[in-house]
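The values are calculated or read from the model by the stated rules, or taken from the named source; none is laboratory data. Predicted model only: the values in this text are computed from it and were never measured. Methodologically, a virtual Cβ is constructed for each residue, glycine included, from the backbone with ideal geometry; neighbour enumeration extends over all protein chains shown. Heavy atoms of the whole protein, side chains included, go into the accessibility calculation; ligands, DNA and RNA do not. Shrake-Rupley method; radii C 1.70, N 1.55, O 1.52, S 1.80 Å.
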Amino acid sequence: MSAIGHKLRKTKGGLMFFCPACNTAHGISLGRNGWQWNNSEDKPTFTPSLYSVAGDLKCHCFVRDGRIEYLSDSTHEFRGKSVDIPDWSFHSEV
Ligand SMILES: [Zn+2]
């Protein structure tokens, strides 16, 4: 895993960003059958939306211009809100 800017990390087939609602990272695969990325490090946009399920926690969001826009069908307290993608807050890559 390597850094791209302050907000993203590169993984094998894609990228990761930190989701403050789930308090974990969400991975995005790029390329064929994956998401589209606007190639911006600091104001990334991914399409289509992301949907992540971990047990009872559902997280559905758009990432646009460096902001995470949580949709109202998410089950966490950030639903319906939008926040800046936080700076990467894991230290495991050191
Ligand atoms: Zn999330």
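Here is a check on your reading of the model: is Leu30 away from the ligand (no atom under 15 Å from the Cβ) and at pLDDT 95 or above?
It is true that Leu30 is away from the ligand (no atom under 15 Å from the Cβ) and at pLDDT 95 or above.
Looking only at region 43-58, count how many residues are closer than 12 Å to Phe17 by Cβ and touching a Leu at 6+ places or on another chain (Cβ under 9 Å).
Result for region 43-58: 2.
Starting from residues that are open to solvent by 50 Å² or more (accessible area, probe 1.4 Å) and under 26 Å from Glu41 (Cα atoms), keep the ones in region 70-80 and report whichever is nearest to the ligand (Cβ to nearest atom).
By that ranking, first place goes to Arg79.
So, Thr11, is that one surrounded by 13 or more Cβ atoms within 10 Å (Cβ to Cβ) and at pLDDT below 95 or not?
Yes.
Name, by its number, the condition in (1) more than 19 Å from Ser2 (Cβ to Cβ); (2) surrounded by 13 or more Cβ atoms within 10 Å (Cβ to Cβ); (3) of a type in the set (D, E, K, R) that does not hold for Glu41.
All conditions are met except number (1).
Within region 58-69, can you find the residues that are within 12 Å of the ligand (Cβ to nearest atom) and out of contact with any Ser or Thr (no Cβ under 6 Å at 6 or more places or on another chain)?
Matches in region 58-69: Cys61, Val63, Ile68.
Which residue, of Leu50, Leu15, is without any contact (Cβ under 8 Å) to a residue 40 or more places away in the chain and under 17 Å from Phe90 (Cβ atoms)?
Leu15
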